[in-house]
Amino acid sequence: MDGTTQLLSISAFARRVGLAPSALRFYDNCRVLRPAWVDGATGYRFYSPAQETRAALLRGLREAGLPLAEVTVVLDGPEREGREVLERHLERMRDQTQTAKAAIALALRSLSNAGAMTEARIGGVELASAVRQVVPAAASDAEHPALGCVLIEIDDGEVRLVATDRYRLSMRVLRPAALDGGPCRLLVHAADLIEFGQWAARFHQITIQVGPDGTRG
């Protein structure tokens, strides 16, 4: 081909546009970015400097997460359809960003509360009553010791006691008179909780404290 000296080898073109040679071969096979000329004898691909703008746009769209099928619409389809594709993708990215922000914020809150103490002040008689109602649902299966425990969960302004033997579930929700600290969960063996409930019944109010090393009342 005449004028091949004006063309760039695949390696040289790759360096200019920030794409790997393997990516250029892939985009050639997909007919998204075809070489300006292919040497029939060697199969070597050559690119024109005029293709740099298309290659840069292709790279940018792919880095932005646009699927290849939609990239082709932007590059080669009607302008109206290309704009619609980009606007839809932008909306998807906004939704994903909001979801990611919420997930990260939750993780940060969990990390910040990992070493903190959570305190809930509740009525002693009320707690003892909840323990008596929930504990019978706990299992006594030695192979599944967790089922012999009661879950104490403090979250959303509530203290929840939950027990299950996989066939039935019992839950009681208590509203604390005061609550300080972040969400937390703790498994307490049913027998220990019965003792705790009997002790709590002797007091008008008790304070449950849950920290990194366990709980105490």
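FYI, it's all coordinate maths here, none of it is from the lab. Keep in mind the model is a prediction, meaning the values are calculated, not measured. Cβ sites come from the backbone with ideal geometry, for glycine too, and all protein chains shown count toward neighbours.
Ordering A64, H144, W199 by Cα displacement along the dipole of the chain toward the positive end leaves A64 in first place; charges were set at the Cβ atoms of Lys, Arg (+1) and Asp, Glu (-1).
Averaging over all projection directions, find the projected area of the Cα convex hull of the chain and quote it in nm² with one decimal place. If you can, show how the numbers build up before the last one.
Working: hull surface 84.1 nm².
Result: 21.0 nm².
For segment 6-92, the Cα-based Rg and Dmax, in that order, read 13.8, 47 Å. Extending 7 Å from the Cα toward the beta-carbon at both V38 and Q205 defines two label points whose distance is 8.1 nm. Assuming charge only on the beta carbon of Lys and Arg (+1) and of Asp and Glu (-1), the dipole of the chain about its Cα centre is about 280 debye to the nearest 20.
Considering only A120, A138, A36, the mean-square fluctuation computed in a Gaussian network model of the chain, springs between alpha carbons under 10 angstrom, is largest for A36. Our summary gives the chain a relative contact order of 17 percent, counting only alpha carbon pairs under 8 angstrom and 6 or more residues apart. The distance between label points at T53 and A12 comes to 2.2 nm (points 7 Å beyond Cα on the Cα→Cβ vector). Between the C-alpha center of segment 28-84 and that of segment 148-162 there is a gap of 57 Å.
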